[in-house]
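> Can you read through this structure? Questions will come right after.
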Amino acid sequence: MNHYLPLSHIPIGRKARVINLELEGFSRRRILDMGLVPGTEVEVLRRSPLGDPTAYLIRGTVIGLRKDEASHIIVQKQ
Amino acid sequence: MGEVCRSCAACQLSSTDSLRVQYNVNRGSEGDLIIALAGNPNVGKSTIFNALTGLRQHTGNWPGKTVTQAQGTYRHREQKFVLVDLPGTYSLLSNSVDEEVARDFICFGQPDATIIVVDATSLARNLNLVLQVLEITPKVVLSVNLMDEAKSKGIRVDLDALSQKLGVPVIGTTARSGAGLDELKEKVYQVALGYLETNPISVTYDPEVDEVVQKLLPKVKSLVQGIHLNPYWVAMRLMDGDESFLQRLTHYTSLGEVWPKGEAALCPR
């Protein structure tokens, strides 16, 4: 099933593949510069105690993203 | 501000000099070559900087920014080089203070060559910055660092293929042990002095984008005359609506900044 959903909805320990970024301008640029281009695999590692931000494993590097940012990254569960 | 010619040798000389003065780049003498050192964070950039310059370095802040600037010197084949360590960044386009400093120095500091250090164990992530720098300047040498770590992880990097694809020299280095640094210095020497012509890969954009850029190009070309900046790249930034870049461009191309009064007198016109 090809189910697309925001990265912020992926549970801890699961992997997903980037489909699309619903962002424009510099915020889009910033996410792309982190290596989050369509097709990239992302693993959800852990959430901070207050639930935000969340740590993701992207291309071998751990990167923290806020819920607001992750909610604009559309992915497919793996 | 009177009319100043933008193409004579005297003006070119004074414009690059004053740009470097603004960045606190201290050349010991006229013939010293300025080399920028760029790269992502945590790729061993500082280890390369320390290995090349030894104790001949000093640190301060970039003018007007609380971002550390380190400068050092080294010699190769009787030629003195001033190495300027830029902040570690993933990009030159996202407008953080670090990225602005790195972008402005590569664009307006007019380095004689730029070394980009990349992590051999995560090339895909690192090549983003490489492509961005290659769009601005062709005078680039790539240092694929942490080759020892890559080897122990079972990663083999085809340096020749990478060099062919990118169109610039690519050197495998392990800065911790000093491996590859002599070859790196030699390539930087050749590129900075123009003995080695590079032929960097050019990024192709959508026809719709290209069409608009072509319309902008004539105006942009006359704007950046005398500064070694790729007009196509400048046009792209203007299309992005990159306010920060526009501000710096205005700053560095306005006659008053690039040609202070005393130096304008050098112009034979």
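The values are calculated or read from the model by the stated rules, or taken from the named source; none is laboratory data. Computed from a predicted structure; not experimentally measured. Quick reminder, even Gly has a Cβ in these numbers, built from the backbone with ideal geometry, and neighbours come from all protein chains shown.
> Are there any pairs, at least 6 apart or on different chains, whose C-beta atoms fall under 7 Å, with the first in region B:57-68 and among the aromatic types (Phe, Trp, Tyr) and the second part of a strand (DSSP E or B) and surrounded by 14 or more Cβ atoms within 10 Å (Cβ to Cβ), and if so, which?
B:Trp62/B:Gln69
> What single numbered condition from (1) buried (at least 23 other Cβ atoms within 10 Å of the Cβ); (2) part of a strand (DSSP E or B) fails to hold for B:Phe105?
Of (1) buried (at least 23 other Cβ atoms within 10 Å of the Cβ); (2) part of a strand (DSSP E or B), only one is false for B:Phe105: (2).
> When you go through (1) crowded, with 17+ Cβ neighbours inside 10 Å; (2) assigned to a loop (DSSP other than H, G, I, E, B); (3) out of contact with any strand residue (DSSP E or B) (no Cβ under 6 Å at 6 or more places or on another chain) one by one for A:Glu69, which number turns out not to apply?
Looking at each condition in turn, A:Glu69 falls short on (2).
Conditions (1) surrounded by fewer than 20 Cβ atoms within 10 Å (Cβ to Cβ); (2) at pLDDT below 90, marked per residue:
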| position | (1), (2) |
| --- | --- |
| B:Leu162 | yes, no |
| B:Leu181 | yes, no |
| B:Leu184 | no, no |
| B:Leu229 | no, yes |
| B:Ala235 | no, no |
| B:Met239 | yes, yes |
| B:Gly262 | yes, yes |
| B:Leu266 | yes, yes |
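> Just one of the numbered conditions (1) more than 14 Å from chain B (Cβ to nearest Cβ); (2) buried (at least 18 other Cβ atoms within 10 Å of the Cβ); (3) not aromatic (Phe, Trp, Tyr) is not true of A:Arg30; which one?
Single failed check for A:Arg30: (1).
> Still on this structure, I have one more. When the residues of region B:125-173 are narrowed to those that are basic (Lys, Arg) and either in contact with a Leu (Cβ under 6 Å, 6 or more places away or on another chain) or not in a helix (DSSP H, G or I) (or both), which ends up farthest from the other protein chains (Cβ to nearest Cβ)? Reasoning before the result, please.
Of the residues in region B:125-173, the ones basic (Lys, Arg) are B:125, B:139, B:151, B:153, B:156, B:165.
Going one step further and asking which of them are either in contact with a Leu (Cβ under 6 Å, 6 or more places away or on another chain) or not in a helix (DSSP H, G or I) (or both), we end up with B:139, B:153, B:156.
Numbers: B:Lys139: 23, B:Lys153: 10, B:Arg156: 16 Å.
Per the criteria, the residue is B:Lys139.
> Sticking with this structure for a sec: Yes or no: region A:3-14 includes at least one residue that is within 14 Å of chain B (Cβ to nearest Cβ) and either surrounded by 14 or more Cβ atoms within 10 Å (Cβ to Cβ) or in contact with a helix residue (DSSP H, G or I) (Cβ under 8 Å, 6 or more places away or on another chain) (or both).
Looking only at region A:3-14, we keep the residues that are within 14 Å of chain B (Cβ to nearest Cβ), and these are none.
Checked region A:3-14: no residue is within 14 Å of chain B (Cβ to nearest Cβ) and either surrounded by 14 or more Cβ atoms within 10 Å (Cβ to Cβ) or in contact with a helix residue (DSSP H, G or I) (Cβ under 8 Å, 6 or more places away or on another chain) (or both).
> Quick one: how many residues across region A:2-49 are at positive phi and part of a loop (DSSP other than H, G, I, E, B)?
Selection size over region A:2-49: 3.
> Now for a different question. Which one is farthest from B:Val25 (Cα to Cα) among residues in region B:75-91 that are part of a loop (DSSP other than H, G, I, E, B) and more than 9 Å from every other protein chain (Cβ to nearest Cβ)? Step through it out loud before you land on a result.
Going residue by residue through region B:75-91, those that are part of a loop (DSSP other than H, G, I, E, B) are B:77-78, B:86-91.
Add one more test, that the residue is more than 9 Å from every other protein chain (Cβ to nearest Cβ), and what stays is B:77-78, B:86-88.
On the way: B:Arg77: 22, B:Glu78: 20, B:Leu86: 12, B:Pro87: 15, B:Gly88: 19 Å.
Ranking the qualifying residues of region B:75-91, first place goes to B:Arg77.
> Looking at region A:50-66, I want the residues that are within 14 Å of another protein chain (Cβ to nearest Cβ) and part of a loop (DSSP other than H, G, I, E, B) and have a partner that is surrounded by 12 or more Cβ atoms within 10 Å (Cβ to Cβ) and charged (D, E, K, R) with Cβ atoms under 7 Å, at least 6 apart or on another chain. Which pairs are those?
If the second residue must be surrounded by 12 or more Cβ atoms within 10 Å (Cβ to Cβ) and charged (D, E, K, R), the pairs left are A:Arg59/B:Arg125.
> Here's a follow-up. Quick check: anything in region B:106-114 free of Cβ contacts under 8 Å to residues at least 60 places away in the same chain and either under 21 Å from B:Gly178 (Cα atoms) or of a type in the set (D, E, K, R) (or both)?
So far as region B:106-114 goes, no, none of its residues is free of Cβ contacts under 8 Å to residues at least 60 places away in the same chain and either under 21 Å from B:Gly178 (Cα atoms) or of a type in the set (D, E, K, R) (or both).
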